[in-house]
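This report refers to the structure that appears directly beneath it.
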Amino acid sequence: MLTLSKYSFGVGDRFAHQAKAQLRACMLAAEQGAEVIPVWNKSHREHTTVGSQADSVRQAADAAVRALGWKKPYHVDADHIRLETVDGFIASSDFYTIDVADSIGKPAAAADVQALVDRHPELIGRIDIAGIDEPLAISRADVERTAGKFLKAVQEAGAIYRHIASSKGTGKFITEVSMDETDAAQTPPELLVILAALADEKIPLQTIAPKFTGRFNKGVDYVGDVAGFEREFSQDLAVIAFAIERYGLPASLKLSVHSGSDKFSIYTPIRRSLARFDAGVHLKTAGTTWLEEVIGLAEAGGEGLDLAKKIYAKALEKRDALCAPYAAVIDIDPARLPATDEVAGWSSEQYVAALRHDPTCREFNADLRQLIHVGYKIAAQFGDYYLRLLEACEETIARNVTGNLYERHLKPLFLDGRTSHPKQPIKSASR
Ligand SMILES: [Zn+2]
């Protein structure tokens, strides 16, 4: 079976020009002793917005790997696909993020819910799980309610998985199921019921993306109770370790954190939790690289800065339309967005300071950053003009792309504080 490595890192490359700069960040991490496997992810929505084809992601990834001589695995993720969009990704992807969030809350057949409850008496009662202090207490009504809410989505995941497997062959691809783009976070007990149901569907699940508590706004830091997040994340890890043993799910099964870029305040809690459970993680980033392209353009000055200003001006003008598809994952205060005229007068330093995600910088503007984040459609509309300047400003852009992924993401997640890991991580076998 094609197995996903313990630590993997989703990188998004909307305009297919940064794969080398992104791979370089993983190489820097490898040099420092952290093996983090790159996964290039791009969703149908992003392809549609940019006007690109699924194959372009594979081509860019292969070319970067060849150019830099990367010898470890790498993957290409058909991100957030559904039955109606998956076919375009069959040839080029070896990783599928099956998005069933739209089916959450849709009722499954009553007989199917009943069958699940009958099949899993072990889910009812007090369940001791290594790494969770209090046993989970789940009633029959809880299992019925959870199955009622999620079983339809799980069945749909099974149908999409089997559709992919019928073309690609069993064991030839990595399967993720995502439930993050929904209103309510899944609790650890709900996650356990969902995993039992996914195992019943015989999906060789390697990553699961629940929705976590708190806000994961695009391109900016986590908003929420960090201690609560750490508790929930740890409990999810404990539930996964338990479900691997109990339901025979792949040993490589791990959590996937979507909209994972720029969530600086939870990276240390994530790293600590992973160490406690000796667990792996997949963390997806996408738009953070596009933002570094704009930073690199601005930093280059001249035509690059000029284009960065035009992108902001257009994004401001089209704000409502750009924000609409991302309404659930951004929080922009329009009053904090500078006027076009003001930005037109900015130096490279001013533009970069406003956009670069440095929370200690007084000029950093999280509202402007989120607006640019959803504004990649503007760059796509500039077409060749945008691509030509990506190439002309490659030096400043590549430096920012690599530096952002390595310094602000890979290092705090996988390298910092490694000596403080406990000697004896919690293993479900130690129960
Ligand atoms: Zn997602």
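The values are calculated or read from the model by the stated rules, or taken from the named source; none is laboratory data. Predicted model, so just to flag it, every value in this text is computed and none were measured. Glycine also receives a Cβ, built like all others from the backbone with ideal geometry; neighbour counts cover every protein chain displayed. Accessible surface areas use protein heavy atoms only, side chains included; no ligands, DNA or RNA. Shrake-Rupley method; radii C 1.70, N 1.55, O 1.52, S 1.80 Å.
You can think of it this way: the chain between Ala275 and Arg215 has 19.2 nm of extra reach, that is 0.36 nm per residue less the Cα-Cα gap. Determine how large the accessible area of Asp87 is when every protein chain is in place; take a 1.4 Å probe and give Å² rounded to the nearest 10. Here the accessible area works out near 90 Å².
Springs join every pair of Cα atoms under 10 Å in this Gaussian network model of the chain, and among Cys393, Cys361, Cys323 the largest mean-square fluctuation is at Cys361. Counting Lys and Arg as +1 and Asp and Glu as -1 over every other residue whose Cβ lies under 13 Å from the Cβ of Asp236, the net charge comes to 0.
Rounded to the nearest 20, the size of the Cβ-charge dipole of region 133-207 about its Cα centre is 520 debye, with Lys and Arg at +1 and Asp and Glu at -1. Between the Cα long axis of helix 394-403 and the first principal axis of the chain there is an angle of about 30°, rounded to the nearest 10. In this label model, Val223 and Lys71 are separated by 4.6 nm, measuring between points 7 Å along each Cα→Cβ vector. The simple spin-label model puts a point 7 Å past each Cα toward its Cβ; for Arg388 and Ala324 those points are separated by 3.2 nm. Taking a Cβ cut-off of under 15 Å around Gly345, the surrounding Lys, Arg, Asp and Glu residues balance to a net charge of -3, with basic ones at +1 and acidic ones at -1. Look at the dipole of the chain built from charges on Cβ: of Leu2, Val223, Ile372, the Cα furthest out on the positive end belongs to Leu2. Under the criterion of Cα pairs below 8 Å and six or more residues apart, the relative contact order for region 301-375 equals 40 percent. Hey, what angle do you get for helix 226-247 against the long axis of the chain, alpha-carbon based, 0 to 90 degrees rounded to 10? Once rounded, one gets 50 degrees. Mean projected area of the Cα convex hull of the chain, taken over all directions, amounts to 20.2 nm².
Would you work out which of Ala209, Tyr386, Val401 lies farthest towards the positive end of the dipole of the chain? Charges go on Cβ: Lys and Arg +1, Asp and Glu -1. Among Ala209, Tyr386, Val401, the one farthest towards the positive end of the dipole of the chain is Ala209.
Available extension along the chain between Ser265 and Arg362 is 33.1 nm, counting 0.36 nm per residue and deducting the alpha carbon span. Between helix 140-168 and the chain, what is the angle of the helix's C-alpha long axis to the longest principal axis, kept within 0 to 90° and rounded to the nearest 10? Once rounded, one gets 60 degrees. The relative contact order of the chain, computed from alpha carbon pairs under 8 Å that lie at least 6 residues apart in sequence, is 19 percent.
Charge dipole (Cα centre; +1 on Lys/Arg Cβ, -1 on Asp/Glu Cβ; no other charges) of the chain amounts to roughly 900 debye.
With R₀ set to 60 Å, the beta-carbon distance separating Glu303 from Lys202 gives a calculated FRET efficiency near 0.65. Heavy-atom accessible area, probed at 1.4 angstrom with all protein chains present, ranks Leu68, Leu198 as Leu68, Leu198, highest first. Pairs of Lys residues in region 114-220 that lie 8 or more places apart, or on two chains, and have C-alpha atoms under 24 angstrom apart add up to 7. Protein heavy-atom surface of the chain, 1.4 angstrom probe: 51% of the accessible area is carbon and sulfur, with nucleic acids and ligands not counted. Put a plus charge on the Cβ of each Lys and Arg, a minus charge on the Cβ of each Asp and Glu, and nothing anywhere else: the dipole of region 98-242 about its Cα centre is then about 500 debye.
Among residues other than Asp225 with Cβ under 10 Å from its Cβ, the summed charge is -1 (Lys and Arg +1, Asp and Glu -1).
I'd like to know which of Thr182, Ile129, Ile332 lies farthest towards the positive end of the charge dipole of the chain, counting +1 on Cβ of Lys and Arg and -1 on Cβ of Asp and Glu. Checking the options against the dipole of the chain, the answer is Ile129. Solvent exposure of Thr48, expressed as accessible area, is near 90 Å², computed with a probe of 1.4 Å over the protein chains only. Shown here for region 102-189: GluC sites (Glu not before Pro) in loop regions (DSSP other than H, G, I, E, B) with at most 10 other Cβ atoms within 10 Å, of which there are none.
One decimal place: the segment Lys172-Arg126 gains 12.8 nm when fully extended, by the rule 0.36 nm per residue minus the C-alpha distance.
Dividing the helix sum by the residues of the chain, where each DSSP H run of 4 or more adds -39500 (n - 2.57), gives a mean residue ellipticity at 222 nm of -14500 deg cm²/dmol.
When the square roots of the Cα gyration tensor eigenvalues are ordered a ≥ b ≥ c, the ratio a/c for region 1-142 is 1.5 or more and a/b does not exceed b/c, which makes its shape oblate.
Probing with 1.4 Å while keeping every protein chain in the model, the per residue accessible area of the chain equals 40 Å².
Under the combined filter of DSSP loop state and at most 11 neighbouring Cβ atoms within 10 Å, region 350-390 retains these trypsin sites (Lys or Arg not before Pro): Arg362. Placing dummy labels 7 Å off each Cα toward the beta-carbon, the span from Ser56 to Glu317 is 2.3 nm.
Rounded, prolate or oblate: which one fits region 257-333, using the alpha carbon gyration tensor with axes a ≥ b ≥ c (rounded when a/c is under 1.5, else prolate when a/b beats b/c, else oblate)? Here region 257-333 falls in the oblate category.
Of the trypsin sites (Lys or Arg not before Pro) found in region 63-172, those that fall in a DSSP loop while having at most 11 other beta-carbon atoms within 10 Å are Lys71.
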